[in-house]
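A short write-up of the structure that comes next.
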Amino acid sequence: MPTSPALLLTMFAGALLYAAWGDIRTRTIPNTLNAAIALAAPLWWWTTGVDPWPNMAMHLAVGVALFAVFAGFFALGAMGGGDVKLVAAVGLWLPFGAIMPMLILMALIGGVLTLVVLFAHRMAKKPGQPEVPYGVAIAAATLCIIANDILSTLAH
């Protein structure tokens, strides 16, 4: 039977997949899903032995900082509100050293995704601007970052 961290990590991965799938289908990521991901992070910290001070406080600061930075992209119309909240919630889960690699990978995946969406939009000769389901890039990048943890945790 999986340990609590394995169960939580598997649930986190499932929530990311659900967010990506929902974003593909409806171009929205529900607030309830983002809230559940964010609210489960303290349980993750507790089961993995994260020190309350300063590490838990730093995780919260990272989540707030990510929200603030990506809210700027939302204000510019570059991404949706659900994407902003998902990035912030993901930031609560990842180790500090994994944040920048995840963001770089997210940008690369997001760029490829944007090109694919633009190409499909043009080929279909649809009017207006296409909407990019950026939750897919967020989820894919995060899953790539945590894949080794998931596999090694489930193996034990």
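The values are calculated or read from the model by the stated rules, or taken from the named source; none is laboratory data. Since we're looking at a predicted model, the values are computed, not measured. Virtual Cβ from ideal backbone geometry, glycine too; neighbours counted across all protein chains shown.
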| note | Going through segment 78-87 in order, the residues found to be touching a residue at least 12 places away in the same chain (Cβ under 8 Å) and either hydrophobic (A, V, I, L, M, F, W, C) or exposed (fewer than 13 other Cβ atoms within 10 Å of the Cβ) (or both) are MET79, VAL84, LEU86, VAL87
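Give the number of residues within segment 35-77 that are among the charged types (D, E, K, R) and surrounded by 15 or more Cβ atoms within 10 Å (Cβ to Cβ). Break it down into steps so the answer makes sense when it comes.
Kept after step one, since they are among the charged types (D, E, K, R), are these residues of segment 35-77: 51.
Next cut, surrounded by 15 or more Cβ atoms within 10 Å (Cβ to Cβ) only: none.
Residues flagged as among the charged types (D, E, K, R) and surrounded by 15 or more Cβ atoms within 10 Å (Cβ to Cβ) within segment 35-77 amount to 0.
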| task | Starting from segment 56-68, keep only residues that are without any contact (Cβ under 8 Å) to a residue 40 or more places away in the chain, then list their pairs with residues that are of a type outside the set (A, V, I, L, M, F, W, C) and surrounded by fewer than 17 Cβ atoms within 10 Å (Cβ to Cβ) whose Cβ atoms are within a distance under 8 Å, requiring at least 6 positions of separation or different chains. | result | MET56/PRO42
| task | Kindly indicate whether ALA35 is closer than 22 Å to MET106 by Cα, touching a residue at least 60 places away in the same chain (Cβ under 8 Å), among the hydrophobic types (A, V, I, L, M, F, W, C) and not in a loop (DSSP other than H, G, I, E, B). | result | no
| Just to be sure, is GLY97 surrounded by 13 or more Cβ atoms within 10 Å (Cβ to Cβ) and of a type in the set (Gly, Ala, Ser)? | no
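Do we find that THR10 is surrounded by fewer than 19 Cβ atoms within 10 Å (Cβ to Cβ), at pLDDT below 95, over 17 Å from ILE138 (Cα atoms) and touching a Leu at 6+ places or on another chain (Cβ under 8 Å) in this structure? Write out each step before concluding.
Values: surrounded by fewer than 19 Cβ atoms within 10 Å (Cβ to Cβ): yes; at pLDDT below 95: yes; over 17 Å from ILE138 (Cα atoms): no; touching a Leu at 6+ places or on another chain (Cβ under 8 Å): yes.
So THR10 fails the test.
Among the residues of segment 11-32, which ones are free of Cβ contacts under 8 Å to residues at least 12 places away in the same chain and not in a helix (DSSP H, G or I)? Walk me through how you get there before you give the answer.
Filtering segment 11-32 for residues free of Cβ contacts under 8 Å to residues at least 12 places away in the same chain gives 14, 21, 25-26, 32.
Passing the criteria: none in range.
Among the candidates MET1, MET100, single out the residue that is modelled with pLDDT of 95 or more and over 20 Å from PRO133 (Cβ atoms).
Step by step, each of MET1, MET100 is checked, and only MET100 is modelled with pLDDT of 95 or more and over 20 Å from PRO133 (Cβ atoms).
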